[in-house]
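Q: Here it is: the structure, laid out below.
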Amino acid sequence: MILLPELEARQLASPLGRASPLTKLAVGFAWLAALVATTDPWPTLVILAAGIAAAIGLGRVPVGRFLRAWLPFVVAAAGVVVLNTLLGAANRDPAARELFELGPLRITEPALATGLALGLRILAIAGIGVAFAQTTEATTLADALVQQARLPDRFAYGALAAYQAVPRLSLDLATLLQARRVRGLGRGWSPRLLLALLVLALRHADRMALAMDARGFGAAGRTRYRIIRWQLIDAAILAGGMAVLAVIVALR
């Protein structure tokens, strides 16, 4: 079953957890832009280290929890490194420096460097994403988008409702499988399950739309339960993010 991660109290009370989600998004997108603008591994290593330090240090994310969220991306990065090293175009360049031969394959230094650079980039992007996801509640993000970014209520809270509907679809699928088993239809997969899931999803969406209208989403003068304000911690995180970018520029 798909479950949304529950953030611990110390993660939400951490400096990174108390900062506005928009501040973290701004710093994260700035770092991602720096990754796109360079293929040098040293700036990528700086961003990777900064993302890990932000999650574990500023975000107080437990090391084990961080590694569990980061491990799938480590496996993906390893696959990217291997594929780009073995199948890189530089391996067919006779002028490229050869490192070794692996059967019929010729492995060159530029191909290995390209594969390592791409793998490090995936790890750095994953580190930024894990740091953001492990210190930000979905509801707080929607509130910040509405109150600070001035996005329409229907768009922001509609996206939040869609995000929270993912575990519900998983629960609906488990219920449908149990119902088929009770009726003696077996435990295997059936195309009819997709139609049943679609019907249930439409029913949930209809009820959610009625509930949002009843609560006045999108109406003028609507009050807020959670007030999101800019704080000094936001300025400090922005300054730290810009300092990391200055280090990257210096390395380039």
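Q: One-quarter of the Cα convex hull surface for segment 153-214, in nm²?
A: Hull-based average projected area comes out at 4.6 nm².
Q: Classify segment 34-87 as rounded, prolate or oblate, taking a ≥ b ≥ c as the square roots of the eigenvalues of its Cα gyration tensor: rounded when a/c is under 1.5, otherwise prolate if a/b is larger than b/c and oblate if not.
A: Taking the square roots of the gyration eigenvalues as a ≥ b ≥ c, segment 34-87 is oblate.
Q: Going by C-beta contacts inside 10 Å, put 163, 225, 157 in order with the fewest on the left.
A: Starting with the residue having the fewest Cβ neighbours, the order is 225, 163, 157.
Q: For segment 189-252, count all C-alpha to C-alpha pairs, find those more than 14 Å apart, and express that count as a whole percent of the total.
A: Here the long-distance tail beyond 14 Å is 78 percent of all Cα pairs in segment 189-252.
Q: Also, quick follow-up: So what's the Cα pair-distance distribution over segment 117-250, bin width 5 Å, in %?
A: 2, 8, 11, 14, 13, 12, 12, 11, 8, 6, 3, 1, 0, 0
Q: So I have (i) 62, 50, 36; (ii) 51, 41, 34; (iii) 69, 59, 31, and one of them is Cα extents along the principal axes in Å calculated from this model. Which one is it?
A: (iii)
Q: Return the single residue from 181, 121, 207 with maximal mean-square fluctuation; model: Gaussian network over the chain, springs between Cα atoms under 10 Å.
A: 181
Q: Here is a further query. Quick one: 135, 39, 223, 23, fewest Cβ neighbours within 10 Å first, how do they rank?
A: Exposure proxy ranking, most exposed first: 223, 39, 23, 135.
Q: I've got another one for you. With a sphere of radius 13 Å drawn around the Cβ of residue 143, what net charge do the other residues whose Cβ falls strictly inside it have (Lys, Arg +1; Asp, Glu -1)?
A: Result for the neighbourhood of residue 143: +3.
Q: Can you check how the C-alpha radius of gyration of segment 64-181 compares to 2.2 N^0.38 Å, as a plain ratio?
A: 1.65
Q: Okay, moving on. Mind checking which of 54, 77, 235 has the largest fluctuation in a GNM of the chain, springs on alpha carbons under 10 Å?
A: Maximum fluctuation in the GNM of the chain, among the listed residues, is at 235.
Q: If I take R0 = 51 Å and measure r between the Cβ atoms of residue 242 and residue 199 in this structure, what FRET efficiency does the formula 1/(1 + (r/R0)^6) give, to the nearest 0.05?
A: So, using R0 = 51 Å, E works out to roughly 0.50.
Q: Simple spin-label model, 7 Å along Cα-to-Cβ: residue 179 to residue 225 in nm?
A: That separation, rounded to one decimal, is 3.0 nm.
Q: For residue 155 and residue 98, what does the FRET efficiency come to when R0 = 51 Å and r is the distance between their Cβ atoms, rounded to the nearest 0.05?
A: Using R0 = 51 Å, I get an efficiency of 0.40.
Q: For 74, 182, which order do you get if you count the other beta carbons within 10 Å of each Cβ and list the fewest first?
A: 182, 74
Q: Relative contact order of the chain, please, whole-number percent, based on alpha carbon pairs below 8 angstrom and at least 6 residues apart.
A: Averaging sequence separation for qualifying contacts and normalising by length gives 31 percent for the chain.
Q: Nearest 500 deg cm²/dmol is fine: what mean residue ellipticity at 222 nm does the chain get from its DSSP H runs of n ≥ 4 alone, each adding -39,500 (n - 2.57), divided by its residue count?
A: -22500 deg cm²/dmol
Q: Right, next: Mind checking which of 195, 123, 86 has the largest fluctuation in a GNM of the chain, springs on alpha carbons under 10 Å?
A: 195
Read-outs throughout are calculated quantities, based only on the coordinates presented, and are distinct from any laboratory measurement. Being a predicted model, the structure only gives us computed values, none of them experimental. So basically every Cβ, Gly included, is an ideal-geometry build from the backbone, and we count neighbours across all protein chains shown.
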